[in-house]
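Novice: Take this structure, written in structure tokens, and hold onto it; I'll ask about it next.
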Amino acid sequence: MKLASLKQGRDGALVVVSRDLSRCVPVPHIAHTLQAALDNWADTAPRLMRVYDLMNEGEVAGEKPFDPRECAAPLPRAYQWADGSAYVTHVELVRKARGADMPPSFWTDPLIYQGGSDSFIGPCDPVLAADEAWGIDFEGEVAVITDDVPMGTDAAHTEKHIKLLMLVNDVSLRNLIPAELAKGFGFFQSKPASSLSPVAVTPDELDQAWSGGKVHLPLHVWLNGERFGEPNAGEDMTFSFPQLIAHAAKTRALCAGSIIGSGTVSNKDGARGSACIAERRSLETIEHGAAKTPFLKFGDRIKIEMLDLDGCSIFGAIEQTVRHYGG
């Protein structure tokens, strides 16, 4: 099942989207918003699935063409955005480039930070920044949306709480990060609003690519129309989504609509390219002694997408342009 939120009010208007992403239909008789659907998922999911099945079998009354440009993020605002760093090889590489050792515990204890969840960017909305000197970067990620997860739920029992998956562009302002982290209190200004894919999908849409709590497909990233990377999201993922959720729920309950991110998708095999500029710059520094690839400039275009084994888009594409505040 594929769901999206068209731009309407603060929380969007829930629509069911056809498997081929060509059509959509509003479902206010089931739930006005995706959050409302998640709050009562046991009741709403079967009814939404019925609409989805009918759409894929033929026409449904009230359907219209699906346009990602009309989409807000699937959850325009969420109760929780906890972003992990599940690809520890990425962390190791970035630290190596700046001459820093990595604590052994990073391989056994997940890294997660709590990001701003009050405003996510739509898939085709611009990335806004006031200054290119901030080091504007994209980060291609996969994320899951959960239902209510009781506090203390262990990794063996968290996968059942994963209701939807989507893609993320976790925008980072790299040149603001060092000063913030030096204060010992974590990210804030350096992590502005992230953008989400046009649609969120149920795990069954991934078929065999969803296995072991990971998505075993390449994440395709383009910058200004040129291939930037296509790392496989299932390979080299040290911590699965069930493990990340269990880590987040160790000391708190997670409410329905919580979003858990994978962190930048990364592979040991550098030949597949990268899902963020910082990683490419780290590779350049290690190989050549200095980074060559610049961070994003105003006017740069980013595209992030994942395709199924038949080459069809699963989540739709995040397609954004970097712009200065005010236009």
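The values are calculated or read from the model by the stated rules, or taken from the named source; none is laboratory data. These figures come from a predicted structure and were not determined experimentally. In this analysis, Cβ positions are derived from the backbone assuming ideal geometry, glycine residues included, and neighbour counts consider all displayed protein chains. When the accessible area is computed, the model is the full protein with side chains, heavy atoms only, and any ligands, DNA or RNA have been set aside. Shrake-Rupley method; radii C 1.70, N 1.55, O 1.52, S 1.80 Å.
Novice: Looking at (1) free of Cβ contacts under 8 Å to residues at least 40 places away in the same chain; (2) hydroxyl-bearing (Ser, Thr, Tyr); (3) closer than 22 Å to residue 108 by Cβ, which one does residue 251 not meet, given that it meets all the others?
Specialist: (1)
Novice: OK, next. Would it be correct to say that residue 127 is at pLDDT 85 or above and within 22 Å of the chain's Cα centre (by Cα)? Quick ask: steps written out before the conclusion?
Specialist: Numbers: at pLDDT 85 or above: yes; within 22 Å of the chain's Cα centre (by Cα): yes.
When the stated conditions are applied, residue 127 passes them.
Novice: A further question follows. So residue 158 ticks every box in (1) open to solvent by less than 10 Å² (accessible area, probe 1.4 Å); (2) free of Cβ contacts under 8 Å to residues at least 24 places away in the same chain but one. Which box is left unticked?
Specialist: Status for residue 158: all satisfied but (2).
Novice: Here is a further query. Examine the stretch 28-48 for a residue that is open to solvent by 30 Å² or more (accessible area, probe 1.4 Å), of a type in the set (Asp, Glu) and in contact with a Pro (Cβ under 7 Å, 6 or more places away or on another chain), and state whether such a residue exists.
Specialist: Checked the stretch 28-48: no residue is open to solvent by 30 Å² or more (accessible area, probe 1.4 Å), of a type in the set (Asp, Glu) and in contact with a Pro (Cβ under 7 Å, 6 or more places away or on another chain).
Novice: What number goes with the only condition from (1) crowded, with 16+ Cβ neighbours inside 10 Å; (2) in contact with a Phe, Trp or Tyr (Cβ under 8 Å, 6 or more places away or on another chain) that residue 181 does not pass?
Specialist: Status for residue 181: all satisfied but (1).
Novice: Separate question: Does residue 122 satisfy the criteria of being at pLDDT below 95, of a type outside the set (Ser, Thr, Tyr) and within 30 Å of residue 23 (Cα to Cα)? Step through it out loud before you land on a result.
Specialist: Working: at pLDDT below 95: no; of a type outside the set (Ser, Thr, Tyr): yes; within 30 Å of residue 23 (Cα to Cα): yes.
The answer is no for residue 122.
Novice: Something else now. Where the second residue is of a type in the set (Ser, Thr, Tyr) and assigned to a loop (DSSP other than H, G, I, E, B) and the first is touching a residue at least 24 places away in the same chain (Cβ under 8 Å) and farther than 19 Å from residue 261 by Cβ and lies in the stretch 118-143, which pairs have Cβ atoms under 7 Å and are six or more apart or on separate chains?
Specialist: Here the result reads 128/325; 130/325, each pair linking the stretch 118-143 to a residue that is of a type in the set (Ser, Thr, Tyr) and assigned to a loop (DSSP other than H, G, I, E, B).
Novice: Can you tell me which of (1) crowded, with 21+ Cβ neighbours inside 10 Å; (2) over 17 Å from the mean Cα position of the chain (by Cα) is the one residue 227 doesn't meet?
Specialist: Here residue 227 clears every test but (1).
Novice: Still on this structure: Residues that are among the aliphatic types (A, V, I, L, M) and modelled with pLDDT of 95 or more: list the strands (runs of 3 or more DSSP E) wholly contained in the stretch 12-111 that include at least 3 such residues.
Specialist: Numbers: elements: 13-17, 23-26, 80-84.
Fully inside the stretch 12-111 and qualifying: 13-17.
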